[in-house]
Amino acid sequence: MRFAAPPRHPSRARGGDLRRDAFVPGRLPDDHRAHDLRDRGLGRPGPAGAVLHPPPRGRAPPTIQEVHPPGDGPPVPVFAPPPRRGVFSLSVRDGSVRRVDPRGRGGVWARTSAVRGVPRARGEPVHGAVVRMDVAVPARGRALVRRRARHVAGRGGQLMSDPIVGIDLGTTNSVVAVCDASGQPRVLTDQRGTKIHPSVVSFHPNGSVIVGVDAKQRRVIDPRNTVYSAKRLIGRLWKSKEIQAAIGRMPYTIKEGANQQPVLVTRGGEFAVPEISAIVLDHVRNIAKQALGQEISRAVVTVPASFTDAQRSATATAGAIAGITVVRVLNEPTAAALAYGHQRQLSRTIAVYDFGGGTFDVTILRLQDQVYEVLATAGDSFLGGDDIDEVLMNHMADQFLASHRIDVRDNEVGVMRLRAVAEQTKIELSRRTRAIVKVDEIAYGPGGAPLNLEVEITRDQLVERAAPFFDKSFAVCEEALRLAQLSPAQIEDVVLVGGTTKIPHVRERVTRFFQRPPRTDVNPEEAVAVGAALQASALER
Ligand SMILES: Nc1ncnc2c1ncn2[C@@H]1O[C@H](COP(=O)(O)OP(=O)(O)OP(=O)(O)O)[C@@H](O)[C@H]1O
Ligand SMILES: [Mg+2]
């Protein structure tokens, strides 16, 4: 695929270079634009991870604890080691929830004023209430999880600590970050300078297992043996509607295994879903190991706020398979909020608008005194950048059909090729207003003559075709606000997360909906991993 410079538009000719005109100044901070392709392994290797925040001034980042309703058992997100063993229950007093251990000793008090279904009366037990909060307390306060830093022999026989990394294990991409000794977060890059690693695993005919950007490229040529979006399947039973929907959508084979678990059938063998996620985790762990020159055996791993206990525990199992101790499974919006609130004493109600590759989530949080309280969360697990790729792909295929009477969609490899081109075009259209896409030999005409695709796509066309998906995201925002009993104007800051939020139109719509421009000081593709690294750093103290 090649991108050609768009021809000069007559009305723009006086303005000079159209490519320069095509940028929307001020929408994307410069570093985001410049790093965009390089971070995805598509451009030239760049310098090591960008520094996101100034160094801390002696203030410890918060630790986070998740509080669960009684009957749920110990807080599942804390995986190994759990802070305390035994059955936990909650007691409510003055609008606060307290976690109580079996010996009756108190846990942490947290405000619950906006948590749905929690009785407010003093001392009244919580039964069947949906309470899943992220509660942060200062690390030097009552520490919830403390581990002695594990020491491993470093190079030269010196003892050095084995850092806990933060991993954003995404449906589409994974990112790994770490905090240095001063608590400064940094996204780690592989040897090519890539920060964003596709969560894709491909089983090569020669027996090797390929992961990341190279595996993503194999989606085009070997779709049946290239597994992507495993996160959609993790922790779900064979009979679930998500697995049943995936069977029709995914080019790889999914069959029923033992205990109603889905099994992925590939050239490399049959795999349980956590085993595929384990391969991705192992890949990013190796990137961290290379970048830091140290063994990595512990991580904070993030999951969507909507993940069930089964999905959280399957994610932790994936870590265990990879030989990584998942010290905490952290909610993605809380991680993003941590990155946003890092080194700021904020008292604010914020929305985390997370538009990723396959899923959309919005979470409303209240930040106060280093307590990060989830007021409401809503999401659509089948809404993401993939949908936009699909409409662009159909747009291109329709144009090709009209001019050549050949439907590229009839060919599996053709579809995968066009989808990859569609994604690249979409990313280009976040930088410029028009793109000309040329794909060589997309099909063959009479007598086997190669046919090339050449179409021009404008940003306006993308916006028009993808409008139903953008609209859907705001219906979800309305739902979250309704649950939190807040109006858009009561949201004091909007934090953008996910690659799809790089689309300028999405930012415009967010600005209109929440009546304020979103924050752009944390890179939307890195915020979750950075937050996980901050949490990891707090756990190390
Ligand atoms: N500059 C850009 N413009 C438009 N879309 C982009 C841009 N950069 C990345 N994307 C899209 O963002 C999506 C990936 O986002 P992200 O990496 O945040 O997803 P993820 O966290 O893995 O997925 P999910 O949140 O669904 O679990 C892809 O659809 C990708 O094409
Ligand atoms: Mg994500």
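Every number here is computed from the coordinates shown, using simple stated rules; none is lab data. Only a predicted model underlies this, so the values are computations on that prediction, with no experimental measurement involved. Ideal geometry is used to build each Cβ from the backbone, glycine not excepted, and the neighbour counts take in all protein chains shown.
Could you name the lysines in cross-link range of Lys438, using Cα to Cα under 18 Å and dropping any fewer than eight places away on the same chain?
Lys426
Quick one: which of 221-231, 250-260 comes out on top by average Cβ neighbours within 10 Å, and what's the full order, highest first?
With the highest mean Cβ count within 10 Å placed first, the list reads 221-231, 250-260.
Check the straight Cα-Cα distances from Lys239 and name the lysines below 26 Å, setting aside those fewer than 8 residues away within the same chain.
Lys239 reaches Lys231, Lys255.
Only bridges whose two residues both fall in the stretch 157-304 count here: according to DSSP, what percent of them are antiparallel, nearest 5?
About 80 percent, rounded to the nearest 5.
Say each of Arg409 and Thr520 gets a label point 7 Å from the Cα, pointing the same way as Cα to Cβ; how far apart are those two points in nm?
Here the modelled spin labels are 3.5 nm apart.
Would you mind ranking Asp162, Asp214 by Cβ crowding within 10 Å, fewest neighbours first?
Asp214, Asp162
Determine the relative contact order of the stretch 176-222: mean sequence separation of Cα pairs under 8 Å and six or more apart, normalised by residue count, in whole percent.
That works out to 24 percent.
log10 I(q)/I(0), Debye, Cα-only the stretch 286-428, no solvent, q = 0.15, 0.17, 0.20 Å⁻¹?
Log-scaled intensity ratios, in q order: -0.95, -1.04, -1.14.
Based on the alpha-carbon gyration tensor of the stretch 305-357 and its eigenvalue square roots a ≥ b ≥ c, which shape applies: rounded if a/c is under 1.5, prolate if not and a/b is larger than b/c, or oblate?
The shape class here is prolate.
Output the peptides 340-352, 450-462 sorted from most to least packed, where packing is the average of other Cβ atoms within 10 Å over each peptide's residues.
Sorting 340-352, 450-462 by mean packing, highest first, produces 340-352, 450-462.
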